[in-house]
Amino acid sequence: MSLLQELQTELDERAQAGLTRRRRLLQSPQSAHIRADNQHVLSFCSNDYLGLANHPALIAAMQQGAAEAGVGAGASHLITGHHQLHQELEVALAAFVGLPAALLFSTGYMANLAVAAALLGRDDAIFADKLNHASLNDTAVLARTSLHRYPHNDIAVLEKMLASSSAKRKLVLADAVFSMDGDIAPVPEMLALCERYDAYLMLDDAHGFGVLGKQGSGILEHFNVGSNDRVIYMATLGKAVGVAGAFVAGSQVLIDYLLQQARTYIYTTASPPAISAAVLASLQIIKNETDRRSHLNKMIQYLRDELQLTRWHLMPSSTAIQPLMVGHNEEALRLSEYLLTKGILVPAIRPPTVPKGTARLRISLSAAHTLADIKQLIDALKEAERELAV
Ligand SMILES: *Cc1c(COP(=O)(O)O)cnc(C)c1O
C-alpha cells in the first residue's frame, strides 16, 4: 500500500470510530455570543476568560503598535527582531508575577518545549502529573530525558518518586490549573517536596494567569508563594490575556540561560511587536478592573449552586473550567449536539484527550457571560436530562 493509501485507511478508521476532529468556522470575534458555522450561538468553549479578546482598548493598542513598529518583527530575537515593545513587556510580566526576569515566546506550546529541553539531558529526570497538557509531555521527548508520571495531584506518589530517584537534575512539571478538569495543583506542597529533594518546579499557568489571585497575576499569587529560585513559571497570553504568546519567568540566571539555549526561542521569528503592545494594554485592564474577576467568580458560583442534575455532575472545580462528567463517549456527543439545537455551544471532550470512560462537556465560563447566559445553559441541561433517552 502506498503512503497516501495508508493515511486514507487511518482517516477512514477514525471516522468510523466517530473520532474525526473537525474545525468550526468562526465568523465573528471571540466572545460569549459568537457566529460559528452560520449559526448564532451562546458559547461556553473559549479560553477568553476575562472577555478581553475583542476589547476596544486592546484593539487600539495593537493598531497603534502596528503603526509605530510595523507588522512583522522581521527577524528572530537574537538577530534584530527584539523590539523595545517586547522588552517592555518582559519587564512588565516579570514584575507582575513577582519573579526576577521573564522571556517571551511566540506560543505556550513553544515555551513548554523550550525549558526541559534546555535544562535537562540523559542523566536527568522529569516528574509530571498524568493529566498535564500535551506540550509538557512533548518536552520530555525533545529533552531526551526520562519521564516519570505520577497520578493526578498525588503528592505521596510524587514524593516516593523523588526520594528514590538518582537523577542528577530533577524537574517537576505540572499544570497549575488542569485544562480538562479545572482543578488546581497543590503548589505549596509540591514546592516543599522540591526543596526537600533538590528538585525544581515548573508550573504551566495557562489557565490561571489573569484569573487567579486578587490582582490576577495567577497561581503564585493565589497561594501567596513569593519569589523562589526553585520556581520556573510559565503562562500563556492567548487565554485570559486575550492576545497571543507566552512567557517563562524565574531567576535571572534561568532566563539568561534560556536566552542562550532555548531552541524554540532562538530559531524562530520574533512575534509581531504590536502583539506585545496589545498584551501591555491587557495587563493594565487585568490589574485595574478587578470587577472582571469578581463577575467571573459570581458566574462560576451561580452555575455550581443552580445546576442540580441527577444523571450528570459538575466535577470539583473552583475555576472558570467547569467540566460536566458524562462518562460514555456517545452520550457526551449527543448531549453536546442537543445543546447546539438550543443554540448553545459546549464541546464534548472524549478520549484520548481525557481518560477512557470520562467523556465530558467542558464548560468554560467567561467574564463576558451574564447571569441570563448561565441560566439559559442550566435550563437547557435540565431539559436535556428529561428529554434525552439513556
Ligand atoms: C493552551 C495551553 C498551552 C499552549 O499555549 P498556546 O499559547 O496556545 O500554544 C500550554 N499549556 C496549557 C495547560 C494550555 O492550556
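The values are calculated or read from the model by the stated rules, or taken from the named source; none is laboratory data. Because the structure is predicted, anything quoted here is derived from the model rather than measured. Don't worry about glycine lacking a Cβ; one is built from the backbone with ideal geometry, like all the others, and counts go over all protein chains shown.
On inspection, Ala73 qualifies as closer than 30 Å to Ala262 by Cβ, touching a residue at least 40 places away in the same chain (Cβ under 8 Å) and in a loop (DSSP other than H, G, I, E, B).
With the structure loaded, tell me whether Glu221 is more than 15 Å from the ligand (Cβ to nearest atom), buried (at least 18 other Cβ atoms within 10 Å of the Cβ) and among the charged types (D, E, K, R) or whether it fails that test. Yes. Which one is nearest to the chain's Cα centre (by Cα), of the residues in segment 140-157 that are farther than 18 Å from Leu193 by Cβ and either aliphatic (A, V, I, L, M) or buried (at least 19 other Cβ atoms within 10 Å of the Cβ) (or both)? Only one residue tops the list, namely Ala140. Does Asp123 satisfy being in contact (Cβ under 8 Å) with a residue 24 or more places away in the chain and farther than 24 Å from Asn228 by Cβ? Yes, satisfied. If only residues of segment 233-252 that are under 18 Å from Phe178 (Cβ atoms) and hydrophobic (A, V, I, L, M, F, W, C) are counted, the one that is farthest from the ligand (Cβ to nearest atom) is Ala240.
Residue pairs whose Cβ atoms lie under 8 Å apart, sitting 6 or more positions apart in sequence or on different chains, and linking a residue in segment 127-141 that is in the same structural domain as Ala117 (by TED's automatic domain parsing) to a partner that is part of a loop (DSSP other than H, G, I, E, B) and more than 10 Å from the ligand (Cβ to nearest atom), are Phe127/Ser165; Asp129/His152; Asp129/Asn153; Asp129/Ala185; Lys130/Pro151; Lys130/His152; Leu131/His152; Leu131/Asp181.
Quick check: is even one residue across segment 65-83 within 14 Å of the ligand (Cβ to nearest atom) and of a type in the set (Val, Ile, Thr)? Within segment 65-83, not a single residue is within 14 Å of the ligand (Cβ to nearest atom) and of a type in the set (Val, Ile, Thr). Looking across Gly108, Gly98, Gly65, one residue alone is within 17 Å of Gly238 (Cα to Cα), surrounded by 15 or more Cβ atoms within 10 Å (Cβ to Cβ) and in contact with a helix residue (DSSP H, G or I) (Cβ under 8 Å, 6 or more places away or on another chain). It is Gly108.
A search for C-beta distances below 8 Å between a residue of segment 200-216 that is without any contact (Cβ under 8 Å) to a residue 12 or more places away in the chain and over 19 Å from Thr139 (Cβ atoms) and any residue that is more than 11 Å from the ligand (Cβ to nearest atom) and not in a loop (DSSP other than H, G, I, E, B), counting only pairs 6+ apart in sequence or on different chains, returns Gly213/Ile219; Gly213/Leu220; Gly213/Glu221; Gly213/His222. Checked against (1) within 16 Å of the ligand (Cβ to nearest atom); (2) part of a loop (DSSP other than H, G, I, E, B); (3) surrounded by fewer than 24 Cβ atoms within 10 Å (Cβ to Cβ), Ala167 passes all but a single condition, namely (1).
Scanning segment 98-122 for residues that are assigned to a helix (DSSP H, G or I) and within 16 Å of the ligand (Cβ to nearest atom) gives Gly108, Tyr109, Met110, Ala111, Asn112, Leu113, Ala114, Val115, Ala116, Ala117.
Residues checked against (1) surrounded by 14 or more Cβ atoms within 10 Å (Cβ to Cβ); (2) of a type in the set (D, E, K, R):
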site	(1), (2)
Asp305	no, yes
Leu314	yes, no
Leu340	yes, no
Ala348	yes, no
Thr358	yes, no
Leu365	yes, no
Leu371	no, no
Lys382	yes, yes
